[in-house]
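To keep things clear, I will list the structure first and then write my remarks on it.
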Amino acid sequence: MDYVILSMVMLAIGVYGLLTKRHLIKLFISIELIATGATLNFVMLGLNNLGISQAYLILAFSTDTAVSAVILALLVIVKKKYGTSDISKIVPIESAERVEESVEAE
Amino acid sequence: MIVEIVSAGLIISACLAIFFDEAVYSVAALAGTLMLTSLLFALNGAYYAAIFQFAVGIGTLSILFLSGEMLSEKPATKTKLSSSIAVGVLGAVLSLPAIFYTIYTPTQVANSVGFGDALWSYDAVDVVLQGLVILAVAVGIGIVLYQRRKTSSQKLPEVAK
């Protein structure tokens with residue numbers, strides 16, 4: 001059993017999700033998977049010295065939680081401002097209005 | 001044997017979290033991933049890490065369930081059961097290298113340091129607190145920049161008049 005390979009697979013799944021998915025919640029889940037893979041690697045590499053690895057893990061968890069909070073706040077802002085959670089449909093409202101106006105003028 | 005099964009379940013639930021179209025199902029699969037990670041920590045003797053992972057995971061998941069319901073639209077097509085099973089099988093295949101192969105990782109660090117010793121004698125708590133201070137500074141800078149931008153955008157129309 002090798003936890004380095006396991007965490008690398010988790011990282012690969014997260015990166016795949018980041019590259020292919022367009023839904024904001026899915027992107028957030030992908031980032032969570034990457035963070036979980038990193039945490040797993042960190043703890044399992046320190047199995048011979050669990051005290052130190054677990055102590056430094058507190059910092060990793062606090063950073064992870066702060067990142068999650070910021071991303072969730074951004075999700076809410078994007079949903080409020082653009083009305084969608086699909087990143088391929090996010091267009092600045094002003095430019096969308098201009099496009100609509102030009103289409104109507106034509 | 002239990003560790004291998006938990007590892008396979010970890011990869012399968014991670015694959016399903018990415019694959020599902022419905023946000024709530026994805027979050028449920030992510031819940032499985034986080035809880036199995038916590039279980040893996042506990043099985044390897046890292047009890048503090050398991051407890052931290054469990055607590056952080058519960059908080060993240062509760063927020064994610066709420067925001068998943070609030071922020072996501074219902075997809076036009078439902079995920080097929082057969083394709084979900086196929087992704088599960090793919091996850092099981094992806095977990096095989098981790099179970100059967102090993103990478104040489106030298107571990108020459110002394111193993112006599114306990115959790116409390118690491119925090120107090122080896123100054124880990126200092127590093128953690130410094131990290132928190134840096135985080136607080138980063139958040140503060142972000143707030144200041146946001147406020148400055150907000151005030152400058154309010155002033156611009158007045159100048160134009």
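Placing dummy labels 7 Å off each Cα toward the beta-carbon, the span from B:Gln130 to B:Val144 is 2.2 nm. Multiplying each eigenvalue of the alpha-carbon gyration tensor of chain B by 5 and taking the square root yields semi-axes of 38, 31, 13 Å, largest first, rounded to whole angstroms. The distance from the alpha carbon centre of region A:1-71 to that of region B:1-56 is 11 Å, rounded to a whole number. Of the complete DSSP H runs in chain B, those spanning 27 angstrom or more by Cα along the long axis with a mean Kyte-Doolittle score not below 0.5 are B:23-43, B:47-71, B:81-100, B:124-160.
Each peptide in B:129-137, B:17-25 was scored by the mean count of other Cβ atoms within 10 Å over its residues; highest first, the order is B:17-25, B:129-137. Helical runs assigned H by DSSP (4 residues or longer) give the protein assembly as shown a calculated mean residue ellipticity at 222 nm of -27500 deg cm²/dmol, each run adding -39500 (n - 2.57) before division by the residue total. For the residues B:Ala118, B:Ala42, B:Ala76, a GNM of chain B with alpha-carbon springs under 10 Å puts the largest fluctuation on B:Ala118.
Within 10 Å of each Cβ in A:20-29, how many Cβ atoms from other chains are there, averaged over the peptide?
Numbers: counts 1, 3, 0, 8, 4, 12, 8, 0, 9, 12.
For peptide A:20-29, the averaged partner shielding equals 6.
Under a Gaussian network description of chain B, with springs only between Cα atoms under 10 Å, the residue in B:Leu119, B:Leu64, B:Leu96 that fluctuates furthest is B:Leu119. Sequence-distant contacts, meaning Cα pairs under 8 Å at least 6 residues apart, place the relative contact order of chain B at 25 percent. In chain A, a dipole from Cβ-located charges (positive for Lys and Arg, negative for Asp and Glu) runs towards its positive end, and of A:Leu24, A:Gly14, A:Leu57 it is A:Leu57 whose Cα lies farthest in that direction. Inter-chain Cβ neighbour count for A:58-71, averaged per residue, equals 5 (cutoff 10 Å, partner chain atoms only).
Quick one: putting +1 on the C-beta of Lys and Arg, -1 on the C-beta of Asp and Glu, what dipole do you get for the protein assembly as shown around its Cα centre, in Debye to the nearest 20? Display every interim value, and only then the final one.
Details: 16 positive and 19 negative charges, 88 e Å.
It works out to roughly 420 debye.
Is the shape of the protein assembly as shown best called rounded, prolate or oblate, per the rule: a/c under 1.5 gives rounded, else a/b larger than b/c gives prolate, else oblate, with a ≥ b ≥ c the square roots of the Cα gyration tensor eigenvalues? Provide the component values of the computation, followed by the final result.
On the way: a/c = 2.91, a/b = 1.40, b/c = 2.08.
Because a/c hits 1.5 or more and a/b fails to exceed b/c, the protein assembly as shown counts as oblate.
Remark: chain A carries a charge dipole of roughly 340 debye about the Cα centre, counting +1 on each Lys and Arg Cβ and -1 on each Asp and Glu Cβ.
Expressed as a rounded percentage, what relative contact order does chain A have, with Cα pairs under 8 Å and six or more residues apart? Numbers along the way, then the final one.
Numbers: 77 pairs, mean separation 26.8, N = 106.
Averaging sequence separation for qualifying contacts and normalising by length gives 25 percent for chain A.
Peptide B:140-149 is shielded by partner chain Cβ atoms: per residue, an average of 0 of them sit within 10 Å of its Cβ. Of all the options A:Val15, A:Val78, A:Val70, the one that moves most in a Gaussian network model of chain A with Cα springs shorter than 10 angstrom is A:Val70. Taken about its Cα centre, chain B carries a charge dipole of roughly 760 debye when the Cβ of each Lys and Arg holds +1 and the Cβ of each Asp and Glu holds -1.
In chain A, the longest principal axis of the Cα atoms and the axis of helix A:3-20 are about 0 degrees apart.
Evaluate the distance, in nm, between pseudo-label points positioned 7 Å from the Cα of B:Leu43 and of A:Arg22 along their respective Cα→Cβ axes. Each label point lies 7 Å from its Cα, and together they span 3.9 nm.
Where a number appears in this text, it was derived from the coordinates with a stated rule and is not lab data. Keep in mind it's a predicted model, so treat the numbers as computed, not measured. FYI the Cβ positions are ideal-geometry reconstructions off the backbone, even for glycines, and counts take in every protein chain you see.
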